[in-house]
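*Asks:* Just dropping this structure here.
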């Protein structure tokens with residue numbers, strides 16, 4: 001997709017999804033980190049229900065670390081993959097307390113050193129907790145970016161690099177939310193609603209399937 005088309009797509013998406021923001025509820029960088037770990041293969045709605053209860057009593061590193069893997073696993077069970085998530089949350093929390101004085105770090109290198117934290121989770125935290133421009137490539141962003149042609153790649157790392165190259169840095173965080181919401185509302189996985197899509201004129205997928 002050429003630069004002009006990319007600019008048009010971003011302009012349309014920004015108007016269509018003005019005010020779009022992170023759907024996870026959090027009151028601190030730590031809570032966002034935990035919520036993002038829990039969101040793997042789970043809906044944001046489910047995560048918010050679980051964390052609403054969890055964070056009332058265990059909303060800080062110092063509180064969560066008092067739980068065993070089994071105890072935490074029971075509290076997050078409905079999010080799925082709870083054994084692995086419980087292990088990663090406690091591992092990341094231990095590092096935050098011991099290596100970062102109880103504060104979630106705000107660099108990519110430090111964040112991905114934490115248990116269970118990859119680039120996607122790190123980018124979510126950098127963008128939404130610290131206001132640092134970042135593009136987190138989840139399943140929605142990966143699918144929509146490839147379909148439209150705004151960021152193509154065979155894996156999430158390739159798509160992230162393409163989006164960072166094609167989108168102005170100051171728009172990275174906002175564009176991330178626009179693309180997610182477009183994937184949820186219109187460009188759905190099984191049946192994209194091309195007939196209701198505001199950017200179909202520029203979309204490679206739509207052109208290929210006319």
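*Asks:* Provide the gained length on full extension for the span residue 87 to residue 209, in nm with one decimal, where the gain is 0.36 nm per separating residue minus the Cα-Cα distance.
*Replies:* Length gained, residue 87 through residue 209: 39.5 nm.
*Asks:* How many nm is it between the label spots at residue 189 and residue 154, if each spot is 7 Å from the Cα in line with the beta carbon?
*Replies:* Output for this residue pair reads 2.2 nm.
*Asks:* So what's the back-of-envelope 222 nm ellipticity for the chain, counting only DSSP H runs of four-plus at -39500 (n - 2.57) apiece and dividing by all residues, rounded to 500?
*Replies:* -17500 deg cm²/dmol
*Asks:* Give the calculated FRET efficiency between residue 66 and residue 103 to the nearest 0.05, with a Förster radius of 22 Å applied to their Cβ-Cβ distance.
*Replies:* That pair, residue 66 with residue 103, gives E of 0.75.
*Asks:* Using just the alpha carbons, could you tell me how many Å³ per residue the convex hull of the stretch 149-204 encloses?
*Replies:* 94 Å³
*Asks:* How big is the chain by the Kirkwood estimate over distinct Cα pairs, in Å?
*Replies:* 17.9 Å
Bear in mind these aren't lab numbers, they're just calculated from the coordinates by the rules spelled out. The structure presented is a predicted model; accordingly, all values stated were derived computationally and were not measured. Using ideal geometry, Cβ is built from the backbone for each residue, glycine included, and neighbour counts are taken over all protein chains shown.
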